[in-house]
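Have a look at the structure below before the remarks.
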Amino acid sequence: MPWDRNQMAARAAQELEDGMYVNLGIGIPTLVANYVGDKEITLQSENGMLGMGPFPFEGEEDPDLINAGKQTITELPKTSYFDSSMSFAMIRGGKIAAAILGAMEVAENGDLANWMIPGKLVKGMGGAMDLVAGVGRVIVVMDHTNKHGESKVLKECTLPLTGKGVVDRIITNLGVLDVVEGGLRIVETAEGVTEEELRAATLATIVD
Amino acid sequence: MKKVYGSAAEALDGLLFDGMTIAAGGFGLCGIPELLIDAMVESGVKDLTIASNNCGVDGFGLGKLLDTKQIKKMMSSYVGENAEFMRQYLSGELELEFNPQGTLAERMRAGGAGIPGFYTKTGVGTVVAEGKEVKTFRGEDYILEEGIFADLSIVKAWKADTTGNCVFRKTARNFNPPAAMCGKICVMEVEEIVQPGELDPDHIHLPGIFVHRIIKGEHEKRIEQRTVRKREEA
């Protein structure tokens, strides 16, 4: 059985180490926060906050306190606030240890596409280009194939890029792959998924 | 010099002209200069170029200036919350320059700091880099981005003293300080005006030198995505 959304998030949480400052994208990456266990992880929200807390209790929403997805959130005792240029100083400056992001396509050279489909509604890249250019480690969490069953793990991206050669590790419903010299290396497969199945769903070059 | 004005319209008096460039603070609907936007709608000023991370939502925030077709061009990182925006953009009525969020913030900060350009690795190898100078530093490619020098900044803070020293509240700070810095004139709206000395000088987020006109008013502070948890989960 391939991993479901929560299992993918739990696997991604294993990438995080005690003391890390981390930025989580929208979607499955947001769920990673539920699986960090006893590790002291500080979540950065690029609209200007370190130490993001959970959603507020009903009636305690504060319009001045939102995350990068514009959702109401809460602060923690360790929270700090800052402006957008300071926020991206820590992102671009390599102070954020890791970003966990969703993707439309990833290529074997680490190219990432996750912001634009030409001819469709274009909303913008937000902070994604800055994050992938700047943080210590970029981990992509996504389904291995799209809804038509086509691989999202490619030799070359077909969509406009968010970043070139930026992805370090890919976690999909079928397993975990690292971007290495010459292509992707299989780190592990999801429980019940064979290496052959993972290879069959992957268009990228797999190296041993 | 008197910085405190009685209303948003008074504070903008003599500052607006067609075709001008404006830097606006706010992220989504958080920390946006609601009152100054309303006054700009009233003024009828048009052909605006606005640097702002987002463009409000339909009928609120900068979305109001879209409804009245006062905006010619947006410089933003994310505009997905606004149907009228998409309609005007797809029909060619509205120009859009996408900037990565951190690049937009730094372009404002740089403009305000007297820095006309800087190199960043954000966007290298993407459409954002097209037409921009590439320079190699320490073996890595960077692209040249230009500082933003706006005619006017419209921003929102929590509290200011009468000299413009101000503090922001929580994530409503966001783009407000860099947007405030990059305008020739900065007009700020706040929830409370206090006397000099009432704010701790060590706790000022933006010194009054960047702020030229101040107004106080009531803010709606609309919430874009209301997310909550149940008490039992605590």
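What follows draws every value from the coordinates through simple rules; no lab data is involved. These figures come from a predicted structure and were not determined experimentally. Every residue, glycine as well, gets a Cβ built from its backbone with ideal geometry; the counts of neighbours run over all protein chains shown.
In whole Å, what three semi-axes, largest first, describe the equivalent ellipsoid of the stretch B:142-234 built from its Cα gyration tensor (square root of 5 times each eigenvalue)?
27, 21, 13
Only Cα pairs within less than 10 Å get springs; with that Gaussian network setup on chain A, which residue of A:Leu65, A:Leu121, A:Leu184 has the largest fluctuation?
A:Leu121
Dipole of the stretch A:2-160, Cα-centred, from +1 at each Lys and Arg C-beta and -1 at each Asp and Glu C-beta, to the nearest 20 debye?
On the way: 13 positive and 21 negative charges, 99 e Å.
The dipole magnitude comes to about 480 debye.
Helix B:34-43 versus the longest principal axis of chain B: what angle, 0 to 90°, nearest 10, using Cα atoms?
Taking Cα atoms only, the helix is inclined about 80 degrees.
Give me, ordered by chain and number, the residues 5 or more places off A:Gly163 or on other chains with an amide H under 5 Å from its own placed amide H.
Distant-sequence amide H within range of A:Gly163: A:Leu112.
Please report, for the Cα atoms of the stretch A:90-207, the Rg to one decimal and the Dmax as a whole number; what are they, in angstrom?
13.9, 41
For the stretch A:111-125, in order, what is each residue's ³J(HN,Hα) by Karplus, 6.51 cos²θ - 1.76 cosθ + 1.60 with θ = phi - 60°, in whole Hz (x at glycine and Pro)?
5, 10, 10, 8, 10, 8, 10, x, x, 9, 4, 9, 9, x, 8
With label points built 7 Å along Cα→Cβ from the Cα atoms of A:Lys120 and A:Glu188, find their separation and express it in nm.
Label at A:Lys120, label at A:Glu188, 3.1 nm between them.
Once you put a point 7 Å from the Cα of A:Glu195 and another 7 Å from the Cα of A:Arg5, both along the Cβ direction, what distance in nm separates them?
About 3.2 nm separates the two model spin labels.
Round to a whole angstrom and tell me the spacing of the C-alpha centers of the stretch A:20-66 and the stretch B:114-149.
31
Can you give the longest run of chain A that contains no trypsin sites (Lys or Arg not before Pro) sitting in a DSSP loop with at most 11 other Cβ atoms inside 10 Å? Let's see the in-between values first.
On the way: sites that count: A:Lys120, A:Lys147.
Formally, the longest exposed-site-free interval is A:1-119.
Identify, among B:Tyr78, B:Leu65, B:Gln88, the residue whose Cα sits farthest towards the positive end of the charge dipole of the stretch B:1-94, taking +1 on the Cβ of Lys and Arg and -1 on the Cβ of Asp and Glu, with the dipole about the Cα centre.
Positive-most Cα among the choices belongs to B:Tyr78.
I'd like the Karplus ³J(HN,Hα) series for the stretch A:84-98: coefficients 6.51, -1.76, 1.60, θ = phi - 60°, whole numbers in Hz, and an x wherever there's a Gly or Pro.
These are the phi-based 3J(HN,Hα) values: 5, 6, 5, 4, 7, 5, 6, 6, 5, x, x, 7, 7, 5, 8 Hz.
Please state the charge dipole magnitude for the stretch B:10-145, taken about the Cα centre, from unit charges on C-beta atoms (+1 on K and R, -1 on D and E), reported in debye and rounded to the nearest 20. Mind dumping the intermediate values first?
On the way: 12 positive and 20 negative charges, 99 e Å.
Around 480 debye, computed over the stretch B:10-145.
Using the charge dipole of chain B (Lys, Arg: +1 at Cβ; Asp, Glu: -1 at Cβ; taken about the Cα centre), state which of B:Val228, B:Thr103, B:Cys55 has its Cα farthest towards the positive end.
B:Val228
Set the Förster distance to 25 Å, then compute FRET efficiency between A:Asp38 and B:Arg231 from the Cβ-Cβ distance, nearest 0.05. Intermediate results must be reported in sequence, preceding the final value.
Values: r = 24 Å, r/R0 = 0.97.
Computed FRET efficiency for A:Asp38 and B:Arg231 comes out at 0.55.
Show which aspartates and glutamates lie in cross-link reach of B:Lys184 when reach means a straight Cα distance below 14 angstrom and same-chain residues fewer than eight apart are skipped.
Excluding near neighbours in sequence, the set is B:Asp151.
Of A:Trp3, B:Trp158, how do they rank once you tally other Cβ atoms within 10 Å and put the fewest first?
Values: A:Trp3 24, B:Trp158 18.
Listing A:Trp3, B:Trp158 from fewest to most nearby Cβ atoms yields B:Trp158, A:Trp3.
Using Stokes-Einstein with the Kirkwood hydrodynamic radius over Cα pairs, what translational diffusion coefficient do you get for the stretch A:1-57 at 4 °C and a viscosity of 1.567 mPa s, in µm²/s rounded to a whole number?
Values: Rh = 11.9 Å.
Estimated diffusion coefficient is 108 µm²/s.
Quick one: what do you get for chain A if you divide its Cα Rg by 2.2 N^0.38 Å?
Numbers: Rg = 17.1 Å, N = 208, 2.2 N^0.38 = 16.7 Å.
In units of the 2.2 N^0.38 Å rule of thumb, it is 1.02.
Based on the alpha-carbon gyration tensor of the stretch B:1-144, what equivalent-ellipsoid semi-axes (square roots of 5 times the eigenvalues) come out, in whole Å, largest first? Could you put the intermediate results ahead of the total?
Working: eigenvalues 177, 76, 32 Å².
That gives 30, 19, 13 Å for the three semi-axes.
Can you give me the angle between helix B:101-112 and the longest principal axis of chain B, using Cα atoms only, in degrees from 0 to 90, rounded to the nearest 10?
Here the helix axis deviates by roughly 70 degrees.
Placing unit charges on C-beta atoms (Lys and Arg positive, Asp and Glu negative, everything else neutral), compute the dipole magnitude of the stretch B:152-234 about its Cα centre in debye, rounded to 20. List each step's numbers first, then the result.
Numbers: 14 positive and 12 negative charges, 79 e Å.
That gives a dipole near 380 debye.
DSSP loop (so not H, G, I, E, B), at most 14 other Cβ within 10 Å: list which GluC sites (Glu not before Pro) in the stretch B:162-234 pass both filters.
B:Glu198, B:Glu218, B:Glu220
Among A:Met49, A:Ile28, A:Gly119, flag the residue with its Cα farthest along the positive direction of the charge dipole of chain A, charges on Cβ as +1 for Lys/Arg and -1 for Asp/Glu.
A:Gly119
Determine the gain in length on full extension of the stretch B:Asp47-B:Glu198; use 0.36 nm per residue of separation and subtract their C-alpha separation, reporting nm with one decimal. Present the calculation step by step, with values, prior to reporting the outcome.
Details: separation 151, 0.36 × 151 = 54.36 nm, distance 4.04 nm.
Here the segment from B:Asp47 to B:Glu198 would lengthen by 50.3 nm.
Averaged over all directions, how much area does the convex hull of the C-alpha atoms of the protein assembly as shown cover when projected, in nm²?
Working: hull surface 89.5 nm².
So the Cα hull casts an average projection of 22.4 nm².
Taking chain A as a Gaussian network, Cα atoms linked when under 10 Å apart, which of A:Asp178, A:Asp64, A:Asp168 shows the biggest mean-square fluctuation?
In this elastic network of chain A, the residue with the biggest mean-square fluctuation among A:Asp178, A:Asp64, A:Asp168 is A:Asp64.
Expressed as cubic angstrom per residue, what is the convex hull volume of the alpha carbon set of the stretch A:42-112? Can you show the working numbers first?
On the way: hull volume 8.0 nm³, N = 71.
Considering the Cα atoms of the stretch A:42-112, their hull volume per residue is 113 Å³.
Run down the lysines and flag those whose C-alpha is under 16 Å from the C-alpha of B:Lys170, throwing out any fewer than 8 positions away in its chain.
Partners within reach: A:Lys70, A:Lys78, B:Lys156, B:Lys159, B:Lys221.
Scan chain B and report its longest stretch carrying no trypsin sites (Lys or Arg not before Pro) that are both in a DSSP loop and have at most 10 other Cβ atoms within 10 Å.
Details: sites that count: B:Lys2, B:Arg138, B:Lys230.
Free of exposed loop sites, the longest segment is B:3-137.
Run the reach check for A:Lys152 against aspartates and glutamates, Cα to Cα strictly under 16 Å, same-chain hits fewer than 8 apart removed. What comes back?
List returned: A:Glu105, A:Glu108, A:Asp111, A:Asp143, A:Asp168, A:Asp178, A:Glu197.
In bins 5 Å wide, starting from 0, what share of all Cα pairs of the stretch A:85-152 does each bin hold, as a percent?
In whole percents, the pair-distance histogram is 4, 15, 23, 22, 18, 10, 5, 2, 0.
For chain B, modelled as a GNM with alpha-carbon contacts under 10 angstrom, which of B:Ser43, B:Ser91, B:Ser52 fluctuates the most?
Comparing B:Ser43, B:Ser91, B:Ser52 in a Gaussian network model of chain B, the most mobile one is B:Ser91.
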